[in-house]
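Following: one structure in structure tokens, then a few remarks.
The values are calculated or read from the model by the stated rules, or taken from the named source; none is laboratory data. Values in this document were obtained by computation on a predicted structure and should not be read as measured data. Cβ: placed from backbone, ideal geometry, glycine included. Neighbour counts: every protein chain shown. These accessible areas exclude ligands, DNA and RNA; they are computed on the full protein's heavy atoms, side chains included. Shrake-Rupley method; radii C 1.70, N 1.55, O 1.52, S 1.80 Å.
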Amino acid sequence: MQILTFDECALFIILLFWVFALIRKEYKNRSGKILMFLLTLVLLTVIADLGGGTICNYCSGGRANLILAYVYNYLYFFCHNLLLPVYMLYIYSSLDLWHIFREYRFRHALWWGLIIVDNVVLALNGFVFDVFKLTDDITYVRGPWLVVFYLVAVIYLGWILGTLIRFRTYILKDKLSTLIFLFVSVSTGLAIQLTQTGLLVECFCISLAVLFFMVMLRRAVNQVNPITGAQKYTACIEKVTMNFKSAKPISVVFVKIVNNNNLHMYLGLKGHNEFLYSTTSRIDAICAGHGLTSSVYYMENGLYAIVSDEAVEEIVADAAEEIMASLTAEHHIGKLTVFADVRVCVVFCPKDMSDSSSLFSLGTNFHRTLPDTQNVHYYRDFKDNDEYKVRNDLDDILRRAVRDNNFEMYYQPIYSVREKKFVAAEAMIRLNDPIYGQVPPSLFIPAAEINGCIHDIGDFVFNDVIRFISTLDMNALGLKYIEMNLSASQCIEVDLVDKIKNLMFEYGVDPRFVSFELTEAATDMNPEIVDMNIRKLHEYGVKIALDDYGTGYSNIKRTTGLPIDQVKLDKSFVDMIDDPQMCIVIQDTISMFKEMDKEVLVEGVEEEAVARKFSDLEADLIQGCELMQGFFFCKPIPGPEFLDFIKRYKDKAFESII
Ligand code: C2E
Ligand code: MG
Ligand code: MG
């Protein structure tokens with residue numbers, strides 16, 4: 001039976017990983033290139049070792065064989081001696097310590113000096129020094145100068161160990177343990193081969209180390225995703241975290257394709273992948289064109305991060321401008337042409353920002369938190385801007401608000417044109433943050449929907465408003481109901497109805513005094529559960545209103561299918577009342593809902609002229625609207641003020657609206 005030698009096993013393992021690395025395009029960035037070079041050196045070392053060994057074992061003479069054996073042995077020593085210096089470069093590069101290596105001339109000189117010593121000794125083998133010899137019957141004989149190679153190797157190993165120990169706190173645990181294993185395995189191989197001359201295990205040890213290394217380190221990190229052509233999210237996190245720890249200056253350019261989902265829809269999966277790949281290529285080419293040492297990462301949902309080392313700010317800014325211009329230009333994907341809606345934000349670290357979680361949070365949110373323009377944004381320009389700070393800090397603001405109850409309910413009176421008096425109110429939440437002051441609901445409600453605390457906010461609203469209603473003598477005040485806003489995600493709460501029923505029971509509030517507003521978007525998601533909740537609430541006796549009518553894609557089928565008592569025409573819709581065409585649309589919309597037996601309310605009435613148009617005071621009046629609400633009558637005000645206001649206007653027409 002033929003037994004495989006250590007060298008044959010090593011060759012098999014290394015060849016496998018060499019091909020593997022090639023297929024996975026590991027050579028894209030600097031550390032990938034060094035790794036590829038290292039693997040190639042290991043492969044050549046093993047081939048030369050095996051080739052030289054085979055000739056020595058199976059040939060007993062012949063000039064050609066002797067020359068070939070010398071070639072193999074020289075190749076072996078040349079490649080073998082380069083392994084540790086290249087491995088050393090790999091450590092500096094993959095741990096993002098390249099700048100440290102380059103900065104210190106002594107390190108540079110030592111690195112080159114040791115390589116030169118090795119190669120001078122090798123070149124002079126047979127003349128002055130005696131490293132190895134091949135006898136006429138092709139037997140390999142070690143010479144005394146071979147020890148120089150081992151000494152140089154020991155210096156490199158010591159240097160590597162020192163580097164790993166010195167920067168151990170910067171290195172993620174799994175990376176550190178793998179690099180240490182690599183170190184132990186290579187030194188063990190060297191030691192065995194030096195002391196047990198018959199056991200040629202060094203190459204095998206190196207290949208084992210490479211195997212462990214590829215399995216442990218090159219799995220998800222630092223790989224280029226073949227679909228996007230960019231490196232993965234995890235690689236970006238690792239690089240940036242490392243850079244922050246070593247305080248190495250980098251620039252990060254975030255590129256967000258805002259309409260990524262739409263592009264996915266238009267182009268299909270294959271076309272969209274092609275789009276992402278070509279976008280990465282465009283970015284790569286631009287960075288290379290500006291001479292930037294950059295890595296392009298595809299994070300997710302159309303977000304790219306371009307991290308550049310040792311970058312001059314002006315050059316990064318030029319590259320960012322060019323990326324914006326290039327990506328907003330048309331993209332040809334197969335027979336289709338699409339345009340990307342792009343936002344770009346540039347951050348210089350650690351100058352502008354010094355922790356990775358804030359950096360990634362900026363990357364994920366900047367397209368929402370910054371003005372919606374297609375200029376390149378520079379983080380340093382807006383980081384101290386109050387509005388930006390609030391938008392960026394919304395999660396913390398909300399967490400604080402839910403914990404400390406920083407909410408308060410305000411009430412905006414609703415005026416009845418028909419009855420000529422205030423008959424209801426809409427409850428609106430206010431958030432008063434101890435750091436940022438009043439934060440508008442248009443900002444925090446969408447953020448609460450995304451982070452999930454909208455349910456806690458909803459519970460606060462239900463409790464506070466139902467309790468407030470219980471303190472009012474609704475009939476005596478001439479109030480019919482108080483409206484509460486329900487957000488889309490509240491409409492699908494399983495226990496929504498029970499929760500509300502329990503509260504009304506607890507506070508002894510008649511369901512007729514309560515109304516819930518929902519938007520068209522809310523009625524559209526998960527229709528089954530929304531239908532069930534809304535129907536149950538309606539059957540229980542509360543009113544249901546459709547809020548912001550005219551802003552969404554009106555789905556008449558959905559609107560008519562639900563038990564809706566009131567439709568609230570949105571301000572933006574009503575603002576166009578001076579346009580004669582719009583006037584017809586508004587009039588017909590009102591008539592349509594009247595015929596369906598629904599109450600119609602106009603929101604956002606700011607001026608008397610609009611109020612008059614919807615009342616019966618104008619010749620070209622719009623007929624059929626019963627209710628109005630807006631700053632013209634009253635802004636949303638706190639509960640006690642609202643009570644005073646209602647008492648003041650009880651059974652009385654408002655100002656000029658007689
Ligand atoms: P919405 O339900 O359509 O509320 C009307 C918004 O318009 C309120 O803004 C109100 O202050 C404002 N408004 C009222 N009259 C006028 C006017 O004449 N002119 C102008 N320009 N605006 C007027 P607010 O309070 O900032 O609320 C914005 C949105 O936040 C609300 O729109 C609603 O969708 C949501 N929201 C407010 N409170 C709550 C709440 O308690 N729960 C939930 N889920 N959402 C709420
Ligand atoms: Mg509302
Ligand atoms: Mg509204």
With +1 at each Lys and Arg Cβ and -1 at each Asp and Glu Cβ, the charge dipole magnitude of region 512-604 around its Cα centre, to the nearest 20 debye, comes out at 380 debye
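Give the Rg/Rh ratio for region 42-158, taking Rg as the radius of gyration of the Cα atoms and Rh as the Kirkwood radius, to two decimals. Mind showing how you got there, number by number?
Working: Rg = 16.5 Å, Rh = 15.5 Å.
Radius of gyration relative to Kirkwood radius: 1.06.
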The size of the Cβ-based charge dipole (Lys, Arg +1; Asp, Glu -1) of region 529-658 about the Cα centre, to the nearest 20 debye, is 580 debye
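Grab the eigenvalues of the alpha-carbon gyration tensor for region 405-657, scale each by 5, take roots, and send me the semi-axes largest first in whole angstrom.
For region 405-657, the semi-axes come out at 27, 22, 18 Å.
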Computed, not fitted: 222 nm per-residue ellipticity of the chain from DSSP H runs ≥ 4 (each -39500 (n - 2.57)), nearest 500, equal to -18000 deg cm²/dmol
If every Lys and Arg gets +1 and every Asp and Glu gets -1 at its Cβ, then about the Cα centre the chain yields a dipole, in debye to the nearest 20, of 2800 debye
Among LYS571/LYS635; LYS501/LYS536; LYS245/LYS351; LYS568/LYS647; LYS421/LYS571; LYS568/LYS598, the pairs whose Cα-Cα distance exceeds 18 Å are LYS568/LYS647; LYS421/LYS571
Between the residues PRO640, THR5, PHE366, the Cα farthest towards the positive end of the dipole of the chain, that dipole coming from +1 and -1 charges on the beta-carbon of Lys, Arg, Asp and Glu, is from THR5
Among trypsin sites (Lys or Arg not before Pro) in region 586-652, those in a DSSP loop whose Cβ has at most 13 other Cβ atoms within 10 Å are LYS650, LYS652
Of all GluC sites (Glu not before Pro) in region 302-391, the ones in DSSP coil with at most 12 other Cβ atoms within 10 Å are GLU330
Of the residues GLY302, SER281, LEU503, the Cα lying farthest along the dipole of the chain towards its positive end, which is defined by charges on the beta carbon of Lys, Arg, Asp and Glu, belongs to SER281
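Enter the mean projected area of the convex hull around the alpha-carbon atoms of the chain, in nm², rounded to one decimal. Intermediate results must be reported in sequence, preceding the final value.
On the way: hull surface 163.4 nm².
So the Cα hull casts an average projection of 40.8 nm².
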With the charge dipole of the chain built from beta-carbon charges (+1 for Lys and Arg, -1 for Asp and Glu) about the Cα centre, the Cα from ILE590, ILE165, ALA611 projecting farthest to the positive end belongs to ILE165
Whole-percent carbon and sulfur contribution to the accessible surface of the chain (1.4 Å, no ligands, DNA or RNA) stands at 59 percent
Hydrophobic long helices for the chain, i.e. whole DSSP H runs reaching 24 angstrom or more by Cα along the axis with Kyte-Doolittle mean at least -0.5, come out as 6-23, 30-58, 63-94, 105-123, 146-166, 173-195, 260-289, 454-471
With every protein chain kept in place and a 1.4 Å probe, the chain has an accessible area per residue in Å² of 46 Å²
FRET efficiency for ARG168 and THR328 from the Cβ-Cβ distance with R0 = 45 Å, rounded to 0.05, comes out at 0.50
